[in-house]
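These notes concern the structure reproduced below.
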Amino acid sequence: MFRAIVDNIKGLWSLIVGLSITGRFFFSPVKTVHYPRQVVDPESLASYRGPLELVPADDVGGSKCVSCQMCVRACPGNCLTVIKGKEGKAPETYLYDFTLCCLCAACVESCPTSAIRFSHNVYLTARTREELHMDLLADLKARAAKASQ
Ligand code: SF4
Ligand code: SF4
């Protein structure tokens, strides 16, 4: 009899604790969004690591990259291919295989000119692996063209 009363009190206490947690989260601000009707607040993405992108050096799609290969050597996943152009230090090719990237930031931290960074693209989707093989120079130029419109 005594044991049954203790068990009932324990069960009731467990119920009260569970309901108090549910109630607390029920009335706290919603953290998810109804995409695509709503989008994520850009300010909350400051530390988000999306796929890499080149940092623009000017308004016409120029890059700060000097083709030094430090990022290529630092990358544990062999994700990056950088080929220097024939004139100057700017690259003529900058390829990034996002399927191999673990977002470790070794490339970003090793870059002497701060030429690469993580994007805040939370909306990236792909139907094939090839769509995640990215040409970062082309992406940089596309972003510059879009910004100038
Ligand atoms: S974040 Fe890491 S894995 Fe991804 S490209 Fe940079 S170094 Fe390679
Ligand atoms: S480390 Fe920086 S400057 Fe050097 S190749 Fe990579 S992105 Fe370009």
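The values are calculated or read from the model by the stated rules, or taken from the named source; none is laboratory data. For clarity, every value in this text was computed on a predicted model and none was experimentally measured. Counting neighbours? That spans all protein chains shown, and the Cβs are built from the backbone with ideal geometry, glycine included.
Does V30 satisfy being among the β-branched types (V, I, T), closer than 30 Å to Q149 by Cβ and outside any helix (DSSP H, G or I)? No.
Scanning segment 64-102 for residues that are touching a helix residue (DSSP H, G or I) at 6+ places or on another chain (Cβ under 9 Å) and among the β-branched types (V, I, T) returns V72, T81, V82, T93, T99.
The numbered conditions (1) on the phi < 0 side of the Ramachandran plot; (2) in contact (Cβ under 8 Å) with a residue 40 or more places away in the chain; (3) surrounded by 12 or more Cβ atoms within 10 Å (Cβ to Cβ); (4) out of contact with any Asp or Glu (no Cβ under 9 Å at 6 or more places or on another chain) are all true for T93 except (4). Determine, yes or no, whether S47 is loosely packed, with under 10 Cβ neighbours inside 10 Å and within 16 Å of ligand 1 (Cβ to nearest atom). Yes; evaluated as a whole, the condition is true for this residue. How do the pairs read when you match residues in segment 71-85 that are basic (K, R) with residues anywhere that are near ligand 2 (Cβ under 10 Å from one of its atoms) and at pLDDT 95 or above, using Cβ under 6 Å and keeping only pairs 6 or more apart or on different chains? Cβ pairs passing all conditions: K84/S67; K84/P91.
I want to confirm something. Restricting to segment 119-149 and keeping residues that are touching a helix residue (DSSP H, G or I) at 6+ places or on another chain (Cβ under 7 Å) and either assigned to a helix (DSSP H, G or I) or touching a residue at least 12 places away in the same chain (Cβ under 8 Å) (or both), which single residue is surrounded by the most Cβ atoms within 10 Å (Cβ to Cβ)? Among those residues, the one meeting the criterion is H120. Would you mind stating whether C68 is part of a loop (DSSP other than H, G, I, E, B), surrounded by 15 or more Cβ atoms within 10 Å (Cβ to Cβ) and either within 16 Å of ligand 2 (Cβ to nearest atom) or at pLDDT below 95 (or both)? Against the criterion (part of a loop (DSSP other than H, G, I, E, B), surrounded by 15 or more Cβ atoms within 10 Å (Cβ to Cβ) and either within 16 Å of ligand 2 (Cβ to nearest atom) or at pLDDT below 95 (or both)), C68 qualifies.
The single residue among S14, S47 that is hydroxyl-bearing (S, T, Y) and in a loop (DSSP other than H, G, I, E, B) turns out to be S47. Scanning segment 80-103 turns up no residue that is part of a helix (DSSP H, G or I) and within 13 Å of ligand 2 (Cβ to nearest atom).
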